[in-house]
Amino acid sequence: MKEKYLLAFADMAERFAETSEATRLKVAALIIKNNSVISLGINGTYPGWETNICEDETGQTAWFTRHAESAALDKLVKSNESSEGSIMVVTHAPCKMCSLRIKDAGILGVYYRHQYRDDSGLKYLLNNGVLVEQI
């Protein structure tokens, strides 16, 4: 994929992240295959959850908050698309749990713009043959 398109997808993810209900950290993830977005995920609560508030009383991410990467992968379950052989463009580097799902989903590369406080997810992806690049 041409770099200018990759950067445009990163800009798109940044814009969608702004729509998150989270106050501490707003994240969006795009799954791209054949140069087209096949899924979009934004961090937040699950559909139908009792609240849209993503942080607990201490200001930390609440246990029920779904990460953007998981939201994007969950949407594919209800579609005819497959993540196998795709790439993910995400605003922030994925956590370790999301990295497990990314690898399992057959995603070949992860492109992110901002560091996450814990780089163990990136290390997992790199150690398991997934291309990782900060853009």
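Values as computed for the structure displayed
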{"item": "Low-density loop cleavage sites - GluC sites (Glu not before Pro) in the stretch 1-40, where at most 12 other Cβ are within 10 Å (DSSP)", "result": "Glu18"}
{"item": "Stretchable slack from Lys96 to Val77, in nm (0.36 nm times residue separation minus alpha-carbon distance)", "result": "4.7 nm"}
{"item": "Part-to-part distance (alpha-carbon centres) for the stretch 75-99 and the stretch 1-73, which is given in Å", "result": "11 Å"}
{"item": "Cβ-defined net charge surrounding Ala8, 13 Å radius [Lys, Arg +1; Asp, Glu -1]", "result": "+1"}
{"item": "Rotationally averaged projected area of the stretch 1-45 (alpha carbon convex hull; nm²)", "result": "3.2 nm²"}
{"item": "Under 28 Å from the Cα of Lys123 - lysines, other chains or at least 8 residues apart", "result": "Lys2, Lys4, Lys26, Lys33, Lys75, Lys96, Lys103"}
{"item": "Shape call, the stretch 56-135: gyration tensor on alpha carbons, a/c limit 1.5", "result": "oblate"}
{"item": "Accessible-area composition of the chain, carbon plus sulfur, in percent [1.4 Å probe]", "result": "50 percent"}
{"item": "Average accessible area per residue (Å²) across the stretch 30-135 - probe 1.4 Å, nucleic acids and ligands excluded", "result": "54 Å²"}
{"item": "Computed helical MRE - 222 nm, the chain, DSSP H runs ≥ 4 contributing -39500 (n - 2.57), nearest 500", "result": "-9500 deg cm²/dmol"}
{"item": "For the chain, radius of gyration divided by Kirkwood radius, i.e. Rg to Rh on alpha-carbons", "result": "0.95"}
{"item": "Heavy atoms of Met97 accessible to a 1.4 Å probe, total area in Å² rounded to 10", "result": "130 Å²"}
{"item": "Placed amide H near Cys54: partners under 5 Å, 5+ positions off or other chain", "result": "Thr23"}
{"item": "Derived scalar couplings ³J(HN,Hα) [the stretch 9-17; Karplus, 6.51 cos²θ - 1.76 cosθ + 1.60; whole Hz; x for Gly, Pro]", "result": "5, 5, 4, 4, 4, 4, 5, 5, 4"}
{"item": "Highest-first arrangement of 115-125, 42-52, 63-73, 27-37, where packing means the average Cβ count within 10 Å", "result": "63-73, 27-37, 115-125, 42-52"}
{"item": "Per-pair calculated FRET efficiency, R0 = 22 Å: Leu131 and Tyr5 via Cβ, rounded to 0.05", "result": "0.85"}
{"item": "Zone of Thr51's modelled label, taken as backbone nitrogen in the stretch 60-80 under 14 Å from a point 7 Å along Cα→Cβ", "result": "60-66"}
{"item": "Amide H contacts under 5 Å for Val110, placed H, 5+ residues apart", "result": "Met88, Leu131, Val132, Glu133"}
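The values are calculated or read from the model by the stated rules, or taken from the named source; none is laboratory data. Quick caveat, the model's predicted, so the values are computed rather than measured. Neighbour counts are summed over all protein chains in view; Cβ atoms, including those assigned to glycine, are modelled from backbone coordinates with ideal geometry. When the accessible area is computed, the model is the full protein with side chains, heavy atoms only, and any ligands, DNA or RNA have been set aside. Shrake-Rupley method; radii C 1.70, N 1.55, O 1.52, S 1.80 Å.
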